[in-house]
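Engineer: Let me give you the structure first, and then I'll get to my questions.
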Amino acid sequence: GSHDLAIELLATHMETLYPDLRLATTFVGSLAGLVALECGEADIAGAHLLDDKSGEFNIPFVRRLMSNETVVVINLVQRVQGLMLAAKNPKHILGIQDLTRPDITFVNRQKGSGTRILLDSRLLSLGIATTEIKGYEHEENTHMAVASLIAQGRADAGLGAQSAANVVGLDFIPLLKERYDLIALKDKFERPPLSKLQEVLSSSGFRNMLNSIPGYDVSETGKITIVSPKS
């Protein structure tokens, strides 16, 4: 599903605790991850999809896409999303409105990613057409790919997680705090190997690791919500 540094850390920590297990990851975006889960192509999906109508993350999308399934939604982390900018913000970007300036080159996330959906929602609310943003069509699949292009001077701004901006030394303007959840079918989640996942998420070592990274909040890490089919 969606990319986050916490997923890579989870995979490493899980393999350390359980050397016989391996978490294989493919970053295709939040929506594509949920579709892969429903189609049986994935055992677990990561998502941070904000439903504008309810203000709730992920669960409304789970209800729509997997209405006949009993689904486990377990919080991985709460994180800060915002504008990633070149170090010291040399072009004095103050917000999303500045992305329309002709001297600003933007780098985007792929269609279906939660970050792309967030951007498009913000642009719509501000009345900004995507054609006004130079680089809107340039898509990357991970927060780190976006951050790296900005660090290399190949773009001036991108939308992404504060954790990724911090890794490569970028400036950052926070926009919102969001939930990044892991989602699985309940019958699979309760059996090995996924049953080991909750143990890793609840471990103090993993939580302390995440807590040391700017932009992460672990106060609900490991918290489970069960989404049942509507009667």
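Engineer: Mind checking which lysines have their C-alpha under 23 Å from Lys196, skipping anything on the same chain fewer than 8 residues away?
Structural biologist: Excluding near neighbours in sequence, the set is Lys186, Lys188, Lys223.
Engineer: Taking 41 Å as R0, compute the FRET efficiency from the Cβ-Cβ separation of Glu132 and Thr25 and round it to 0.05. Show your work: numbers first, answer last.
Structural biologist: Numbers: r = 34 Å, r/R0 = 0.84.
For Glu132 and Thr25, the calculated efficiency is 0.75.
Engineer: Can you send over the carbon and sulfur percentage of the accessible area for segment 1-129, probe radius 1.4 Å, protein chains only?
Structural biologist: Roughly 54 percent, rounded to a whole number.
Engineer: Now, a different point. For segment 1-72, with only Lys/Arg (+1) and Asp/Glu (-1) charged at the beta-carbon, what is the dipole magnitude about the Cα centre, in debye rounded to 20?
Structural biologist: Working: 4 positive and 11 negative charges, 34 e Å.
For segment 1-72, the charge dipole is close to 160 debye.
Engineer: Rounded to the nearest 500, what is the 222 nm mean residue ellipticity of the chain from helices alone, with -39500 (n - 2.57) per DSSP H run of 4+ residues and division by all residues?
Structural biologist: Details: 9 runs with 77 residues, N = 231.
Here the helix-only value at 222 nm equals -9000 deg cm²/dmol.
Engineer: Of all the accessible heavy-atom surface of segment 140-224, with the other protein chains kept in place and a 1.4 Å probe, what percent is carbon and sulfur?
Structural biologist: Details: 1700 of 3660 Å².
So the carbon and sulfur contribution to the accessible surface is 46 percent.
Engineer: Connecting C-alpha atoms closer than 10 Å in a GNM of the chain, tell me which of His138, His48, His92 has the biggest fluctuation.
Structural biologist: For the chain, modelled as a Gaussian network with Cα springs under 10 Å, the answer is His92.
Engineer: At a Förster radius of 35 Å, what calculated FRET efficiency corresponds to the Cβ-Cβ distance of Arg154 and Glu190, to the nearest 0.05? Walk me through the numbers before you get to the answer.
Structural biologist: On the way: r = 46 Å, r/R0 = 1.30.
Step by step, r from the Cβ atoms, then E = 0.15.
Engineer: Straight-line reach only, C-alpha to C-alpha below 15 angstrom: list the aspartates and glutamates that Lys134 could link to, leaving out same-chain residues fewer than 8 apart.
Structural biologist: Output for Lys134: Asp98, Asp103, Asp120, Asp156.
Engineer: Run the dipole for the chain about the Cα centre, Lys and Arg Cβ at +1, Asp and Glu Cβ at -1, nothing else charged, and hand back the magnitude in debye, nearest 20. Don't skip to the answer; put the middle values down first.
Structural biologist: Working: 23 positive and 27 negative charges, 50 e Å.
Result for the chain is approximately 240 debye, rounded to the nearest 20.
Engineer: Please find, in a Gaussian network model of the chain (springs between Cα atoms separated by less than 10 Å), the residue of Leu94, Leu185, Leu83 whose mean-square fluctuation is greatest.
Structural biologist: Leu94
Engineer: State the volume of the convex hull built on the alpha-carbon positions of segment 116-231, expressed per residue in Å³ and rounded to an integer.
Structural biologist: 164 Å³
Engineer: Taking the structure as given and computing volume of the Cα convex hull per residue in Å³, which label from (i) 268; (ii) 119; (iii) 131 fits?
Structural biologist: Of the listed options (i) 268; (ii) 119; (iii) 131, (ii) comes from this structure.
Engineer: Roughly how many Å² is the accessible area per residue of the chain, as a whole number, for a 1.4 Å probe?
Structural biologist: About 46 Å² of surface per residue is accessible.
Engineer: A further question follows. Using a Gaussian network model of the chain whose springs link C-alpha atoms within less than 10 Å, name the residue from Thr25, Thr221, Thr131 with the highest mean-square fluctuation.
Structural biologist: Of Thr25, Thr221, Thr131, the Gaussian network model singles out Thr131 as fluctuating most.
The values are calculated or read from the model by the stated rules, or taken from the named source; none is laboratory data. This is a predicted model, so every value here is computed, not measured. Neighbour counts run over all protein chains shown; Cβ positions are idealised from the backbone, glycine included. Only protein heavy atoms, including side chains, enter the accessible area calculation; ligands, DNA and RNA are left aside. Shrake-Rupley method; radii C 1.70, N 1.55, O 1.52, S 1.80 Å.
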